[in-house]
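Down below is the structure, laid out as structure tokens.
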Amino acid sequence: MSNKEKINLGLKSLSGLNRSELKKELSFMDIPDSKVNMRISQIWNWLYARGAKSIDEMTNLSKEFREELKKRFNLKRPKIVKQEISTDGTRKWLIRFLDGSEIETVYIPDENRGTLCVSSQVGCTLNCTFCYTGTQRLVRNLTSQEIVSQLIIAKDSLKEWNNPIRQITNIVMMGMGEPLYNFENVRDGILTFSDDAGLSISKRKITLSTSGIVPKIEPAGNEIGVMLAISLHATNNDLRDKLVPINKKYPIEELIKACRSYPRVKNSKRITFEYVMLKNVNDSEKDAKKLLKLISGIPSKINLIPFNSWPGTPYECSDWDQIEKFSDIINKGGYASPIRMPRGRDISAACGQLKSDTEKEKASIKYKKELAKLKSGRIRPL
Ligand code: SAH
Ligand code: SF4
């Protein structure tokens, strides 16, 4: 029997399901029509308001019904393969799903809030040249259950369930992957995050970051309705084609046009433009002035992200002085331009440093083999 068949014969986890999936699963059980909605609400409350870890905890369901549920379901979470804690308190979890693929999720505590950085795909197909995730070859979309499970796991680890003090107040879809290339699952996952009767993270506190998949920006506004962040990084097409190659398909003018008509912007809600600071590449004062022109009239703020380095990258982070000069110009132009302080760099948890460990290990094994061959004289260096 293949592994896949074995998994199919096992119990299905209800943890992380969205409302329509939960309804579908329960439709296979013998529940009178008049009670279906009540059962869904009860189970939803256990899953997402109380963080139940076993069906036995669901004490407002009859014992018989719980036994029936247990024949088909459990509340298992995906496995945490590794947890790392940075000196600045940032935590990174390496999470493995049933098919063996892995992603990373990061929690960043701050004075008045805590942000969970959630992944939307295993790897990313987009190959932005300054991003480590883009170098990972293994790529697949996460299911909405896998997306939601990242928050469940974080709440488990932080012991946040049933605790009046909330540690995770914000969510950013800024982990591995391009969220708008996995539109439906990201939408369903976010709607589960923001559901008032459950996880209850307000849409104002959820930000979706995209490299600029133009045709999906308006649907994102209408169907998801969270805060939007655009990974801009350059002010002309020549440079953006190099840094964010999807720009060749959706150039800057189209991207900015889509931002101007983003449904939330019409209600004067701000868009965030993300701008990675790359030394001598996009960080001149001229670039800053061009940036101001480009976004003129769009309610927005510019997040300047000091470049986070990774093995083998050709880029360097801009000098601090230069980042401050850049920021001053943007500020004087009337836009907030906070500099995003790098968090969790010591555990490779900062923006653009995420990549699953299996991939890193594979790369390091390959490197060691090459080195051994080199030493044994079997291959010659170039
Ligand atoms: N794929 C989405 C969301 C994930 S990346 C996107 O690209 O928007 C989250 C942010 O980190 C993006 O703005 C991305 O451009 C930025 N980023 C990627 N690599 C980085 C690096 N090495 N240093 C700093 N920021 C980086
Ligand atoms: Fe993908 Fe975003 Fe990294 Fe680009 S920056 S490769 S879109 S994760």
*Can you give the Rg and Dmax of region 56-113 based on its C-alpha atoms, in angstrom?*
17.4, 49
*In the structure shown, do any of Lys279/Lys325; Lys216/Lys301; Lys71/Lys203; Lys269/Lys332; Lys155/Lys269 have a Cα-Cα gap over 25 Å, and if so which?*
Lys71/Lys203; Lys155/Lys269
*Taking only Cα atoms and a 10 Å spring cutoff, compute GNM fluctuations for the chain and point out the largest among Asn237, Asn112, Asn282.*
Asn112
_Under a Cβ-only charge scheme (Lys and Arg +1, Asp and Glu -1), can you give me the dipole magnitude of the chain about the Cα centre, in debye to the nearest 20?_
580 debye
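Using only the Cα atoms of the chain, construct the convex hull and provide its projected area averaged over every direction, in square nanometres to one decimal.
Numbers: hull surface 92.4 nm².
So the Cα hull casts an average projection of 23.1 nm².
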*Provide the per-residue ³J(HN,Hα) series for region 133-138, in order, calculated from phi with Karplus coefficients 6.51, -1.76, 1.60 and θ = phi - 60°, each as a whole number of Hz, with x at glycine and proline positions.*
4, x, 8, 7, 7, 6
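D for region 185-266, whole µm²/s, Stokes-Einstein with Kirkwood Rh over alpha-carbon pairs at 25 °C and 0.890 mPa s: what number?
Values: Rh = 13.5 Å.
The Stokes-Einstein estimate is 181 µm²/s.
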_Defining a contact as two alpha carbons under 8 Å apart and six or more residues distant in sequence, what relative contact order in percent does region 79-366 show?_
18 percent
*In percent, what relative contact order does region 3-74 have, based on Cα pairs under 8 Å that are 6 or more apart in sequence?*
45 percent
*Nonlocal amide H pairs with Asn303, under 5 Å, H built at 1.01 Å*: Phe273, Glu274, Tyr275
*Can you list residues whose amide H is under 5 Å from Asp195's amide H, if they're 5+ apart or on another chain and H is modeled 1.01 Å from N?*
Ser200, Ile201
*For Gly114, distant residues with modelled amide H under 5 Å away*: Thr169, Asn170
*Positive end of the charge dipole of region 79-366 (Lys, Arg +1 and Asp, Glu -1 on Cβ, about the Cα centre): tell me which of Ile80, Asn331, Thr115 has its Cα farthest that way.*
Asn331
*asked:* Apply the Karplus curve 6.51 cos²θ - 1.76 cosθ + 1.60, θ = phi - 60°, to the phi angles in region 157-164 and return the couplings in whole Hz, x for Gly and Pro.
replied: 5, 8, 6, 8, 4, 6, 9, x
*Ranking of Thr90, Thr59 by count of other Cβ atoms within 10 Å, fewest first*: Thr59, Thr90
*Above 23 angstrom, tally the Cα pairs of region 21-138 and express them as a % of all pairs, no decimals.*
52 percent
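Mind checking Rg over Rh on region 154-196, alpha carbons, Kirkwood formula for Rh? Provide the component values of the computation, followed by the final result.
On the way: Rg = 12.5 Å, Rh = 12.1 Å.
Radius of gyration relative to Kirkwood radius: 1.04.
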*What is the projected area of the convex hull of the Cα atoms of region 29-75, averaged over all directions, in nm²?*
3.1 nm²
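Coordinate-derived values only; no laboratory data. Bear in mind the structure is a predicted one, so any value in this text is a computation, not a measurement. Don't worry about glycine lacking a Cβ; one is built from the backbone with ideal geometry, like all the others, and counts go over all protein chains shown.
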